[in-house]
Amino acid sequence: MDITLPAPGSPANAERRTWIMVTSAAGGAAAVATAIPFVTTLAPSERAKAAGAPVEVDISAIAPGELKTVEWRGKPVWILRRTPEMLAALKDHDDQLVDPNSERKQQPDYAKNPTRAINPEVFVAIGICTHLGCSPSKVAKGSGNPSVPADWPGGFFCPCHGSTFDTAGRVFKNKPAPTNLEIPPHMYVAGGRLLIGEDQSGIPA
C-alpha cells in the first residue's frame with residue numbers, strides 16, 4: 001500500500017505537529033497530576049509537624065479543683081488548679097510516699113519540692129502511669145471510692161493495676177508504679193498562659 005506523507009511545510013504537516021504537541025502536553029499534565037498525590041503522601045502532615053512543638057494553653061479559665069487535659073507529643077498533659085485544701089493535704093503523708101522529694105528520677109528543678117510546681121496552685125504533669133503506661137483517673141478526697149483508702153488525701157488512681165498518686169503526682173508506697181508522674185518542661189508566658197514543651201525561668205501566672 002502506498003502511503004503518501006504530507007510535504008514539509010504543508011498545512012497537513014503543520015496540523016500533525018500541532019496534534020503531537022497537544023498530546024504530549026496532555027500526557028505530561030496527567031503525569032504531574034498523578035505524582036502530586038504521591039508526593040503529598042510523603043510530606044509530613046501538619047499534625048505530625050506539630051507533634052514535637054511546644055503547646056501554649058490559656059489556663060485563666062481553669063476553676064479551682066478543675067483538671068484540664070491537653071495533648072503534647074501525643075501524650076495527655078494534666079493541668080490541675082489546686083485549691084488551698086489540696087495544697088494543705090500535700091503536707092500530711094510524706095511517710096506514705098516512695099519519693100516525696102522527687103529524687104529517684106530526673107525531674108526539672110521546679111519539680112523538686114512538695115508541690116512539684118513552679119506555681120504551687122497549678123500542677124502540670126503527664127497523665128500516664130509510670131508502671132505500664134495506663135491513664136490514671138482523678139479521685140477527690142472524700143469521694144467514697146472503694147479503690148482508695150478511707151484517709152485518701154485526694155489525687156489520682158490508676159485502675160489498671162492500682163497505683164495511686166497524690167495531687168502532686170507522687171506515688172504511694174507498695175504500688176506497682178516505681179516513680180512519680182513525669183513533669184514535662186513548661187513555663188509561664190504573658191497573658192496567664194502556659195507553654196508546655198519549653199523550659200526556661202518560668203514565672204507564676
Task: Those lysines that a straight Cα-Cα span of less than 28 Å connects to Lys75, excepting residues fewer than 8 apart in one chain - done: Lys49, Lys105, Lys112, Lys138, Lys141, Lys173, Lys175
TODO: With label points built 7 Å along Cα→Cβ from the Cα atoms of Lys141 and His161, find their separation and express it in nm.
DONE: 2.9 nm
Open item on the list: Per-residue counts of other Cβ atoms within 10 Å, averaged by peptide: what ranking do you get for 177-188, 106-117, highest first?
Closed with: 177-188, 106-117
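Values quoted throughout were computed directly from the atomic coordinates according to the rules given, and no laboratory measurement underlies them. All values derive from a computational prediction rather than experimental measurement. Methodologically, a virtual Cβ is constructed for each residue, glycine included, from the backbone with ideal geometry; neighbour enumeration extends over all protein chains shown.
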